[in-house]
């Protein structure tokens, strides 16, 4: 069953990468069936599997909602991570949950992608000056320009999808999505 769960995660991640790269959107027709499939696949192994899936859903939703509430991530990004949580379930211990590490790896890759995007657009120096200004003004966010490089759209689903592949590879190779944290 593990191979099917991994195949499901990889398929959902690959489709999310493609749709976000092409249309800047992770569609509901991908995330909602993935969440339902996660519950179904885990329910096949009985109540324990279903409870693990519900735990993964709740844990992923709990750590993703603040990013959505602060308007740092779009709803499709949140639903993608929640789908991973539902499919892979809650890790034992919880900090070894696949969804958490796939998101964290995706965040690191997203930071690198952002720097590369800003460098290619020759907007890195202006963005760095704005970040310094924000930090020096006691964390007051005053982005007055709609054309700010900090407001450039970036398909974050690509970074998240790549983060899920990294977490999947580490989990297959080492038995945990983050072999660097003991637990």
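Contact map, the range 61-86: residues that are without any contact (Cβ under 8 Å) to a residue 12 or more places away in the chain paired with residues that are assigned to a helix (DSSP H, G or I), Cβ distance under 6 Å, separation 6+ or inter-chain. Pairs shown: 68/78.
Elements of the type helices (runs of 4 or more DSSP H) sitting completely within the range 16-120 and holding at least 1 residues that are at positive phi and buried (at least 16 other Cβ atoms within 10 Å of the Cβ): there are none.
Please verify whether residue 109 is within 11 Å of the chain's Cα centre (by Cα) and closer than 15 Å to residue 177 by Cβ, treating the condition exactly as stated. Break it down stepwise before answering.
Details: within 11 Å of the chain's Cα centre (by Cα): yes; closer than 15 Å to residue 177 by Cβ: yes.
Yes.
Bear in mind these aren't lab numbers, they're just calculated from the coordinates by the rules spelled out. Since this is a predicted model, take the numbers as computed values, not measurements. Here Cβ is always computed from backbone atoms with ideal geometry, including for glycine, and neighbour counts include all displayed protein chains.
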